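The values are calculated or read from the model by the stated rules, or taken from the named source; none is laboratory data. Keep in mind the model is a prediction, meaning the values are calculated, not measured. Cβ: placed from backbone, ideal geometry, glycine included. Neighbour counts: every protein chain shown. Ligands, DNA and RNA are stripped out before the accessible areas are found, and what is left, the full protein with its side chains, is counted by its heavy atoms. Shrake-Rupley method; radii C 1.70, N 1.55, O 1.52, S 1.80 Å.
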Amino acid sequence: MPFLSDTLAAVKPSPTVAVTQLARELQAKGRDIISLGAGEPDFDTPDNIKAAAIAAIEAGKTKYTPPDGIPELKQAICDKFARENGLSYQPSQISVSTGGKQVLYNALMATLNPGDEVIIPAPYWVSYPDIVRLGQGTPVIVEGEEARGFKITPEALEAAITPATKWFIFNSPSNPTGAGYTEAELKALTDVLLRHDHVWIMSDDMYEHLAFDGFRFVTPAQVEPRLYDRTLTVNGVSKAYAMTGWRIGYAGGPEHLIAAMRKIQGQSTTNPSSISQWAAVEALNGPQDYLSERCAAFSARRDLVVAGLNACPGITCAVPEGAFYVYPSVAGCIGAVSSGGKIIATDEDFCTALLEEQGVAVVFGAAFGLSPYFRVSYAESEAVLAEACARIKTFCEGLHHG
Ligand code: PLP
C-alpha cells in the first residue's frame, strides 16, 4: 500500500516558489542574480498597521479567536465591501483565513466532490488547478488569447460549462498577466453564468487596488447582483497593504457556504493569527492614501518593464491593466540557440538559459498554463528593473536563429 495519498500524486509543487528558491541558492553561491519570480510587493507594511499589531500584543490579544475571524475584523470587512465594491454583507457572511490562499482552499474543500469540474481561465495563478486536484475535482482550463489581452470570451466560457461544473474561478486583475476585465467584459461573462444556475463564482479580487491608467475595478456580484447568492468574493490584505507575511485573507458569500468553510478551518488551522487580524483591522479602517501612491509607483515600473521588454529582439509584451506582473511572449525566440549553446525549444528552456547565462530569474509560462511566455514580477526598484531588462536584451541579442 503506498504511503502517500493518490490525490497528492496529482499535485505539483509551486513553480513560482521553486524559481525563487533556485535564485536564492545561486545568490548564496555568490552569483549576481536578479529575482523577478516572487509575487509580493517590495514595499514594507505601513507603520500604522505595524503599530496596531504591536498594540495588540501589548494588550494581550494573543489568544485563540473565533475560528473565522474576530467581530471587529468581520465588521471592517463588511464596511470595506460596502464602501469599495457596493456589496452588502453581514458579519455572518464573512470568513477570515490565513491568507487568501486558505480562503480559496477552504471553499474548494468544502464544496468539491470527485468529478466536479472547476473552470479556470489560463494563464492562471498556479495554485488554482492544484487546490482543485487536492479536492478531487477536475480543473477545466479555458485559454485567454494574447490578442484579447489574455481575457476569455463569453463563448469560450459557455462552451466549457457542463452539468458537472461546480465553480468558475475569476481573477482580475490577474496573476500572471495583469489583465483586468472592464465592466462590459465582465458583464458578458456574468450574462453567461446567469443562464447556468448550478455554477458558482469564485472571484479572486486580490489585486483590486493595483489598477492603472484609470482602470475601474469591478467584481462579479457587483456587476450582476442576481449572482450574489452563488458568488464568493475573495480578497485579502497581502498585496494591497504589503502584508504577505501576515497571512490574512477573507471572503464574503452566502451564509451556508461560509459556515462550511468555517468547519474546514476549525479542523485545520483553527483561526488566523490574532495579532495579524488586529493589524488587518487597521489596514482596512485606517488611512488609505498610500494605496494610490504605491499604485503610481507600480504603474511607472510597469511602463519601464513593458518598454524594456519590447526592445528585446524576439519578445513582445502587452500592456496590462493592473497587478504587478507582465506576461511577455517569447514566440520569436523559440527554435533559437543561446550564446551559451542552449537550444530554446520551450519557454522553460528560455527561462533556464536566461537564469544561467544572465542571472535573471523569471517564471516560465507553462507553469501558468499558457506558452510560450514568461512572467515578470516587477515589484522591484526601477534601477533593478532597468538592469534586468538590459540583461534580458543582451540574452536575446545573443540568440542565434538557425
Ligand atoms: N490569489 C492570487 C491571484 C494570488 O496571486 C495570490 C498570491 O500570490 C493569492 C491569491 C494568495 O494570497 P495570500 O498571500 O493572501 O494567500
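Structural remarks
- Model label points for T269 and E40, set 7 angstrom from Cα along the Cα-to-Cβ axis, are 1.3 nm apart.
- Backbone phi angles across the stretch 103-115, fed through the Karplus curve with coefficients 6.51, -1.76 and 1.60 (θ = phi - 60°), yield HN-Hα couplings of 4, 4, 4, 4, 5, 6, 5, 6, 10, 7, 10, x, x Hz in residue order; Gly and Pro are listed as x.
- Charge dipole (debye, nearest 20) of the chain; +1 at Cβ of Lys and Arg, -1 at Cβ of Asp and Glu: 760 debye
- Normalised convex hull volume, the stretch 63-285, alpha-carbon set, Å³ per residue: 111 Å³
- The chain - Rg over Rh from alpha carbon coordinates, Kirkwood radius: 0.97
- The chain, accessible surface, carbon-and-sulfur percent (1.4 angstrom probe): 56 percent
- For the chain, the Cys residues with no second cysteine's beta carbon closer than 4.7 Å are C78, C295, C317, C333, C351, C389.
- To the nearest 10, the accessible area of C333 is 0 Å² with a 1.4 Å probe.
- Average Cα contact separation per residue, the chain, under 8 Å, 6 or more apart, as relative contact order %: 22 percent
- List H256, H196, ordered by accessible area with a 1.4 Å probe, largest first: H256, H196
- Inter-part distance, the stretch 162-185 to the stretch 80-114, computed on C-alpha centroids, equals 16 Å.
- Cα pair distances exceeding 22 angstrom across the stretch 203-287, given as percent: 36 percent
- Dividing the convex hull volume of the alpha carbon atoms of the stretch 1-115 by its residue count gives 245 Å³ per residue.
- In the stretch 63-285, lysine pairs with alpha-carbon atoms under 22 angstrom apart (chain gap of 8 or more, or interchain): 15
- Accessible area per residue in Å² at 1.4 Å probe, computed on the stretch 201-301: 35 Å²
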